[in-house]
Amino acid sequence: MSEKIFITGNPGSGKSTLVMEIVEKLNLKVGGIITPEIKKQGKRIGFELIDVFTGKKTLLAYYGFKGPKIGRYGVNIKGIEKIGVKAIQNALENPEIKLIVIDELGKMELLSKEFEKVIEKVLFSNKNVLIVVHRHLANKYKDFGKLYFLKEKNREHIKNTVIGLLKK
């Protein structure tokens, strides 16, 4: 039986950092995506999208980018589909990959209908999945697996619990 694990929390609570710590402790072949911030002079100006298996990168969203807007960022839907959807699809198909990581499942990513379709495939797959889900979308996905709301006081407990679940 596969595990579908969702981590949510307030901005800056360390969700992405926690996911990367979990991945490091597990020492498994991992596929999927991460979306680190792009900062300039200490201010966030956008997000990258990185295929964790191949290292391929693209711009996810950027201040001033010509694309659909989420807040102050223009979203690169072509990049989401070229790198993000492909990375997740490859993780589903590659038997070497034992864990699919999606950081983050949020409004920006869901502007792509192709991304939404591949997420549905992931949720019904037999692969273990670890997803950072935007707090406003957590209720939409909570019935697909286990949902953890990250706070400073429960960080170690969540980390140890998730590692235990994924080691099975």
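With segment 1-40 as the region, which strands (runs of 3 or more DSSP E) entirely inside it contain at least 1 residues that are of a type in the set (D, E, K, R)?
4-9, 37-40
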For segment 151-163, name all the residues that are closer than 12 Å to Ile5 by Cβ and either surrounded by fewer than 17 Cβ atoms within 10 Å (Cβ to Cβ) or among the aliphatic types (A, V, I, L, M) (or both). Ile158, Thr161, Val162, Ile163
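Would you mind finding the one in Glu93, Glu48 that is under 13 Å from the mean Cα position of the chain (by Cα) and surrounded by fewer than 21 Cβ atoms within 10 Å (Cβ to Cβ)? Walk me through how you get there before you give the answer.
Working: Glu93 fails: under 13 Å from the mean Cα position of the chain (by Cα).
The conditions single out Glu48.
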How about segment 51-74: which of its residues are assigned to a strand (DSSP E or B) and within 16 Å of the chain's Cα centre (by Cα)? Asp51, Lys57, Thr58, Leu59, Leu60, Ala61
Here is a list of conditions, (1) crowded, with 22+ Cβ neighbours inside 10 Å; (2) in contact (Cβ under 8 Å) with a residue 40 or more places away in the chain; (3) farther than 22 Å from Lys15 by Cα; (4) not basic (Lys, Arg), and Met108 meets all of them except one; can you say which number that is? (3)
Check off (1) among the hydroxyl-bearing types (Ser, Thr, Tyr); (2) touching a Pro at 6+ places or on another chain (Cβ under 8 Å); (3) at pLDDT 95 or above for Ser16 and give me the number that stays unchecked. (3)
Expected single match for at pLDDT 95 or above and closer than 24 Å to Asn27 by Cβ among Asn76, Asn94 is Asn94
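It is to be established whether one or more residues within segment 49-62 are of a type in the set (Asp, Glu), modelled with pLDDT of 95 or more and more than 26 Å from Gly12 (Cβ to Cβ).
No, segment 49-62 contains no residue that is of a type in the set (Asp, Glu), modelled with pLDDT of 95 or more and more than 26 Å from Gly12 (Cβ to Cβ).
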Filter segment 75-86 down to the residues that are farther than 19 Å from Phe6 by Cα and part of a helix (DSSP H, G or I), then identify the one that is farthest from the chain's Cα centre (by Cα). Lys78
Using the structure shown, decide if Ile119 is of a type outside the set (Asp, Glu), under 15 Å from Pro36 (Cα atoms) and modelled with pLDDT of 95 or more. no
Filtered residues of segment 12-28 (kept if over 16 Å from the mean Cα position of the chain (by Cα) and touching a residue at least 40 places away in the same chain (Cβ under 8 Å)): Lys25, Leu26, Leu28
Can you name the condition, by its number, that Phe47 falls short on among (1) touching a residue at least 40 places away in the same chain (Cβ under 8 Å); (2) assigned to a helix (DSSP H, G or I); (3) touching a Phe, Trp or Tyr at 6+ places or on another chain (Cβ under 9 Å)? (2)
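The values are calculated or read from the model by the stated rules, or taken from the named source; none is laboratory data. Everything numeric in this text was worked out from a predicted model, so none of it was measured. Glycine also receives a Cβ, built like all others from the backbone with ideal geometry; neighbour counts cover every protein chain displayed.
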